[in-house]
1. Suppose R0 equals 22 Å; then what is the FRET efficiency for Asn189 and Val395 from their Cβ-Cβ distance, rounded to the nearest 0.05?
2. Determine the per residue accessible area of segment 55-187 with all protein chains present and a 1.4 angstrom probe, expressed in square angstrom.
3. Let me check I've understood the local charge: for Ser211, count other residues with C-beta under 11 angstrom from its C-beta, Lys and Arg +1, Asp and Glu -1. What total comes out?
4. How long is the gain from Ala53 to Ile337 if the chain were fully straight, where each residue apart is worth 0.36 nm and the alpha carbon distance is subtracted?
5. Can you tell me how much longer the chain between Leu350 and Thr104 gets when fully stretched, taken as 0.36 nm per residue apart minus their C-alpha distance, in nm with one decimal?
6. What does the highest-first list of 247-253, 169-175, 29-35 look like by mean Cβ count within 10 Å?
7. Once the Cβ-Cβ distance between Trp296 and Thr31 is put in as r, and R0 is 30 Å, what FRET efficiency do you end up with, to the nearest 0.05?
8. Would you rank Lys190, Lys68 by solvent-accessible area, highest first, keeping every protein chain in place and using a 1.4 Å probe?
Amino acid sequence: MRSFSVLLLALLHWVFPAAGKTISGLFRSETARENNGQYITRFLYHGENGLMAYRLENVPLAVQKEAKLLLFQGMEGFDNLSCLERVSGAQLTITLSSEEHNETIPWQVNPKTWHVMYADRYTCQEEEIDGGMESLGFQIIMLNPDSAGNPLDHFSAEEAGLHSFYFMLILAYFVATCIYVQPLWQALNKGGPMHTVLKVLSTALLLQGLSVLFNYIHMARYARDGVGAPLMGNLAELCDMVAQVQMLYMLLSLCMGWTLSRGRKSQSKLLQWDSSPASTALALGGVITQGALLIWEQFEDTEHHSYHAHRSLAGLLLMALRVALALVLASVLYQIISVERSTLKRDFYLSFAKGCFLWFLCHPTLVFLSVIFNEHQKEKIITIGVILCQSISVVILYRLFLSRSLYWEVSSLSSVTLPLTMSRGPRGHY
């Protein structure tokens, strides 16, 4: 039965890595020895009465190994330390000598990150270990003090408040849906030149709403057990990724002079274009590159949130791609606006440019600005800021394409000077 429990813990640790604040897995002497300590997780504690509790599967084995947990507040220059320097330099050492134990974290004025590592008698041993070493099953629970000062809050200081934000956002989505769903449905049923654009925008907005809902479900469960619903977290990230790629495809299609049509072509093909091989390669290359970088980033950062701090190479490349795409769109729109004489058409292009730039540049800008904030504020600023900015971007584009007089003026002109060519119909249809 005990071996089955250890196997189950190992499976859980592989499927759901140590990213939550209730962590189950295996302490491995071989891993600790190879890396001068087995890294377990990190947690931002704040205030006083922070708590870390552990539970072991095999106490005699832990005692025989002289197993212990090492807690560090900072990791600067950590890779340059020797094994003995790491073990002796821990701010807090917890000996694993009982089946369960609760350790109170020292009080701190500002929220600080505590890193947890595992070590035992074999970690700094230079001689070869005789035979295979049995792994040690464990569970660790990390808790911050709640509003009453009791250690019951599973959220790290950097995640505090996001649960309430997602709830308020769901409420805002619900109210907006009740108000605008009928006129939007009528506009979609009428068809016309803005039909496909509105369908793409509505789909992207629906995906964003589903991402918010799945994140809320994950965090509501997380608030109770510190694990949450990883499947919901993964679905939230998937919905956000699809929305990002879809919006990129639509904005590039419009700006590069492609055609969105509901007319003679097949209805199953949402986006249709009539462009040169060079422009086709540019848009498809942008979409494929962004999709690949988004997937790569998810593999590098296993924590369940859609907007990462971009400390990884994939994240940095993704930000660079978004800036490059914004520059491409700016170049195309500048060429059009610079030769345009009509004030009405310039207003259309400028409003379209605002929506594009806000969508592409909000994330890189917020990541850049986040360096001036404290560590526990960065994730909240990036997450809340990106969601709000991209929602505003969608609203700007909605208002632009639902504005009949302005849109009809632009869409009925020659496609030579337009960044988009829409299928025409008689104005009387609307």
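1. Approximately 0.55, to the nearest 0.05.
2. Details: 7360 Å² over 133 residues.
I get 55 Å² per residue for segment 55-187.
3. With Lys, Arg at +1 and Asp, Glu at -1, the neighbours total -2.
4. Working: separation 284, 0.36 × 284 = 102.24 nm, distance 6.22 nm.
That works out to 96.0 nm of additional length.
5. Details: separation 246, 0.36 × 246 = 88.56 nm, distance 5.65 nm.
That works out to 82.9 nm of additional length.
6. Sorting 247-253, 169-175, 29-35 by mean packing, highest first, produces 247-253, 29-35, 169-175.
7. Working: r = 25 Å, r/R0 = 0.82.
According to the calculation, E is roughly 0.75.
8. My answer, sorted largest first, is Lys190, Lys68.
The values are calculated or read from the model by the stated rules, or taken from the named source; none is laboratory data. Worth saying up front: this structure is predicted, and the values here are computed from it rather than measured. Every residue, glycine as well, gets a Cβ built from its backbone with ideal geometry; the counts of neighbours run over all protein chains shown. Heavy atoms of the whole protein, side chains included, go into the accessibility calculation; ligands, DNA and RNA do not. Shrake-Rupley method; radii C 1.70, N 1.55, O 1.52, S 1.80 Å.
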